[in-house]
Amino acid sequence: MLSVIYLDNAATTKVDPSVLNSFVKVNETLYYNPNSPHQAGLQAEKLLQQAKEQINQALRLNHSYDIIFTSGATESNNMALKGIAYRKKDTANEIITSVLEHPSVLEVVRYLAEKEGFVLKYVNVQSNGQIDIEHLKSIMNERVGLVTCMYVNNIMGQIQPIQQIVNVLKDYPKAHFHVDAVQALGKIPFNIEGIDSLSLSGHKFNGLKGQGLLITRTAHNIEPIIHGGGQEYGVRSGTVNLPMAVSMAKAINNAMKQTDELHQRLSSYQQQIRAMVLTYPGIKINSPEDAAPQIINLGFPGVKGEVLVNAFSKQDIMVSTTSACSSKRGKLNEVLLAMGISDRQIEGSIRISMGQMTTQKDIDNFKDKFEIIYEEVKELLK
């Protein structure tokens, strides 16, 4: 087996054994269709509702939200954004987003604007990586039907001012507020109050790939984009994947229980990396000081991100780049551009992302290998 220092947890995480066990156990013992009317089907349906109740309690939803199981946050985001937008098109056809969003949000709202006639507005991003609340206030009006903002940015880790957005939207009852919380759960204290819908992806917090969730106040207000047997409030037809649902509940429970400990541990790791980077001339820290603890984005101006990823890979350290393969300005990472970071620094940016399985030994080894890589590239730094 490949022995690596895995620091790409924002891309995916290793599954927790307890999550995998619950998935296998349900597959072996309760493989029935929750929609079937016979005794075994009713038993499966009962287990499905228990999984939803566990999630309701773990996330402190107070039975105010419908819980819909999906294949991941990409599906959840598509389902919520298109479903809400289509329902509101006649009365409120403006959508507000920012360039901070994940492609599964940005590409959806851009599609709605280009192909479906919606009006798309972008809220400005400040140099600290947060959206500009004052600018949001200035572009809000009665025609805005949908506002979408991620909880934690996946590129540089900044936490967005979710509760401030909630407060702004109180004056606009037509506006539905959707939050992509993929990088937040289990890493930072989590508050869903005032949010209308929220998407999660299990494999980002030691669950399984193909495991997602859409939590929404009003499933019946979402226009279905998948039609069929009417499962999951009619919003997501198709046989519910019960083993995935049960193991997703397990992953969420695990993540919520470990949040405080993990936040503390990852904050310590991040501080160690920040302190180390300051001793290497020419290397920049792109992530803001008050970002979430698991992500730190570094800039090596003058070195291509792909070259850095390969250099780290040769040392058995897995990190990711945040710039596109092309160095054309249009292809540079929109998040870092919006923060006012230079093209050269963006081209040479890498993202280090830690998780539940990251150890102090990993961080120590990373620091040792970092010195070797710095010696290789320091002549290129500009």
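The values are calculated or read from the model by the stated rules, or taken from the named source; none is laboratory data. From a predicted model like this one, the values you see are computed outputs, not experimental measurements. Neighbour counts run over all protein chains shown; Cβ positions are idealised from the backbone, glycine included.
Summary table
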{"quantity": "Looking only at segment 261-319, and only at residues there that are in contact with an Asp or Glu (Cβ under 7 Å, 6 or more places away or on another chain) and among the hydrophobic types (A, V, I, L, M, F, W, C), the one that is surrounded by the fewest Cβ atoms within 10 Å (Cβ to Cβ)", "calculated": "M318"}
{"quantity": "Residues satisfying the stated conditions in segment 50-65, i.e. of a type outside the set (V, I, T) and within 20 Å of the chain's Cα centre (by Cα)", "calculated": "N56, A58, L59, R60, L61, Y65"}
{"quantity": "Among the candidates P103, P173, residue that is more than 16 Å from the chain's Cα centre (by Cα) and of a type outside the set (K, R)", "calculated": "P173"}
{"quantity": "Among (1) out of contact with any Leu (no Cβ under 8 Å at 6 or more places or on another chain); (2) in the same structural domain as I131 (by TED's automatic domain parsing); (3) at negative phi; (4) not β-branched (V, I, T), the one test that S320 misses", "calculated": "(2)"}
{"quantity": "Failed condition for K331, given (1) farther than 17 Å from S349 by Cβ; (2) surrounded by fewer than 16 Cβ atoms within 10 Å (Cβ to Cβ); (3) not small (G, A, S)", "calculated": "(1)"}
{"quantity": "Criterion violated by E193 - all others in (1) over 13 Å from the mean Cα position of the chain (by Cα); (2) modelled with pLDDT under 95; (3) within 23 Å of T321 (Cβ to Cβ) satisfied", "calculated": "(3)"}
{"quantity": "Residue check, K361 surrounded by 14 or more Cβ atoms within 10 Å (Cβ to Cβ), at pLDDT 95 or above and either outside any strand (DSSP E or B) or not aromatic (F, W, Y) (or both)", "calculated": "no"}
{"quantity": "Some residue of segment 75-89 being under 23 Å from the mean Cα position of the chain (by Cα), among the hydroxyl-bearing types (S, T, Y) and more than 30 Å from S127 (Cα to Cα)", "calculated": "no"}
{"quantity": "Selection from segment 190-199 of residues that are among the polar types (S, T, N, Q) and part of a strand (DSSP E or B)", "calculated": "S197, S199"}
{"quantity": "Any strands (runs of 3 or more DSSP E) falling wholly within segment 116-189 and containing at least 1 residues that are buried (at least 23 other Cβ atoms within 10 Å of the Cβ)", "calculated": "144-148, 176-180"}
{"quantity": "Count - residues of segment 21-63 that are exposed (fewer than 14 other Cβ atoms within 10 Å of the Cβ) and aromatic (F, W, Y)", "calculated": "1"}
{"quantity": "Qualifying residue in segment 120-131 (condition: of a type in the set (F, W, Y), assigned by TED's automatic domain parsing to the domain that holds Q160 and in contact with a Ser or Thr (Cβ under 9 Å, 6 or more places away or on another chain))", "calculated": "yes"}
{"quantity": "Verdict on N33 being modelled with pLDDT under 95 and either assigned by TED's automatic domain parsing to the domain that holds L336 or in contact with a Ser or Thr (Cβ under 7 Å, 6 or more places away or on another chain) (or both)", "calculated": "yes"}
{"quantity": "Selection count, segment 3-29, where residues are modelled with pLDDT under 95 and over 29 Å from N153 (Cα atoms)", "calculated": "0"}
